[in-house]
Structures are given as C-alpha cells and as structure tokens.
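Only one structure is covered here, and it is reproduced in the block below.
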Amino acid sequence: VDRRTAAVISASLDDVSLDEIKPEIEQLMDNFNFPPGYSWKFGRGFERSDETQQIMAQNILLGIALIFIVMAALFESTLYPLSIITSIAFSIVGVFWFFMLTGTTFSFMASIGIMILIGVVVNNGIVLVDHINNLRREGMPRDAAILQAGRDRLRPILMTVATTILGLLPLAISTTKVGGDDVGSPPYFPMARAIIGGLGFSTLTSLILVPYLYAVLRSEEHTSELQSPMYRVCRLLLEKGG
C-alpha cells in the first residue's frame, strides 16, 4: 500500500455503520504499542467516507451561496438576505444539539439532512421579511411593521414547522435503511433527525433574530447604539454590494 508493506484487515458490518465503529477501532488501536517504524491507519472504506463528507461540506457551502444569490436578486438588496441567512447557522447548531440529546451519530445521511435543511429554514425568514416590506410600502413605520409582521406570520410559520416535524417523526424513530434491509445500508433516521432538530431550533431563534437583524441593518433612525464601528463597517460593505 503506497509502496509500503502492509497487512490489510477487512470485515463485513451487519448492524453498525462505519461512523459508529470508527471510535471503537480508534480506542482499541490506541492501546497497542507498535515497534518503531510501524503504524496503522483506517482503510479505503473510511477514506471514501471522509472524502464524501468533504464533498458534502462543499455542496452545503455552494447551496448557501446560491440561496443568497437568489434572495439578493429577488429582494434587489443584499441586506435582507443577510438577515435571513443567519437562520441557517442556527439550524446547524440545532442539528448537533438534537444529535447530542438523542445520542445520534453524525453520518453521511445527516449531511444530506443538512443539505435539505438549508433550503427549508430560510422560508420562515423570507415570508417574515417580505411581509415587513409590504407593510412598510403601505406607509407603516419600521418598528410597527416588524411587530405587526411577527403577529401576522407567527401562526403560518408554526403550522409549517409543525407539519414538517410531524411528517418526519415516523422516519426519525424508525430503523428503515436505504434500499431496504441490505447489510451495510445507511439508515434514514440521521437525515430526519437533522431536519427536525435544525428546523425546530432555527424557528425559535429566527423569530427573534431575523427581525432584530432587519431592524439593525435597515435602521432609519441612527440611534447611538447603532453607531458602533463594527456596525458602520458592516453597513458600508453591505450598501456597496447592494
């Protein structure tokens, strides 16, 4: 292997995935004292899994960039998408918290769940910001428009999130695998749990954070608390771009 003498150990996994068995192998191999010049590493299956995770990370970043471009084109501004795009970061935080609470191992299917999630969580911010803009075009002051839009859109947002979570709940608690019960096939539940955890946490935070960022970035009343150097720099850069 790579022009070095090696002993390759392979095995068939029945009821466990590569991500679940990897920590156990690391713990086992760390207890071995190898002679000088000898070492060990994971095989091609683990290497392919790591490469897949890297590709998924690149796809997620590309998806976020495309979502931002589409929102910037539709809103004709980079300020509104910036206030909405923050909900994606909080959704990813929610994924890992939910995984920690449920004892779920992060896997390739969880990455697919995050990919789906970034296209779902922005919907709440879009309908909220769009309604704020409509109210402001009707002549309503900024703060009053934010409060009114929050009251008007709270029930539709909660209904949408609740139906999505309840629809994924059977998949999240089952052990159904891709392609049936084939040996080595990944289960669906990490993907469903990633969407549930990220969407639920993002909804709670975005209902507060998105209106706040909207008020900060689109402030018409230059109050003293909005005149910090960081705010002026961010506002200048965003206005140059939008």
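Observations on the structure shown:
- Distant-in-sequence amide H partners of THR78 (H built 1.01 Å from N, under 5 Å): GLY242
- Largest accessible area first, the residues TRP97, TRP40 order themselves as TRP97, TRP40 under a 1.4 Å probe with ligands, DNA and RNA left out.
- Among THR5, THR205, the sequence by solvent-accessible area, most first, with a 1.4 Å probe is THR5, THR205.
- Kirkwood hydrodynamic radius (C-alpha pairs) into Stokes-Einstein, the stretch 27-141, 25 °C and 0.890 mPa s, D in µm²/s: 140 µm²/s
- Spatial separation of Cα centroids for the stretch 62-92 and the stretch 117-138, in angstrom: 11 Å
- When the charge dipole of the stretch 85-182 is built from unit charges on Cβ atoms (+1 for Lys and Arg, -1 for Asp and Glu) and taken about the Cα centre, the candidate among GLY94, ILE146, SER111 whose Cα reaches farthest toward its positive end is ILE146.
- At most 10 other Cβ within 10 Å, DSSP loop - trypsin sites (Lys or Arg not before Pro), the stretch 1-100: ARG3, ARG4, LYS41
- Rounded accessible area of PHE98 (nearest 10 Å², 1.4 Å probe): 60 Å²
The values are calculated or read from the model by the stated rules, or taken from the named source; none is laboratory data. Just so it is clear, the model here is predicted, and its values are computed rather than measured. Glycine gets a Cβ as well: all are built from the backbone with ideal geometry, and neighbour counts include every protein chain shown. In case anyone asks, the SASA skips ligands and DNA or RNA and just uses the protein heavy atoms, side chains included. Shrake-Rupley method; radii C 1.70, N 1.55, O 1.52, S 1.80 Å.
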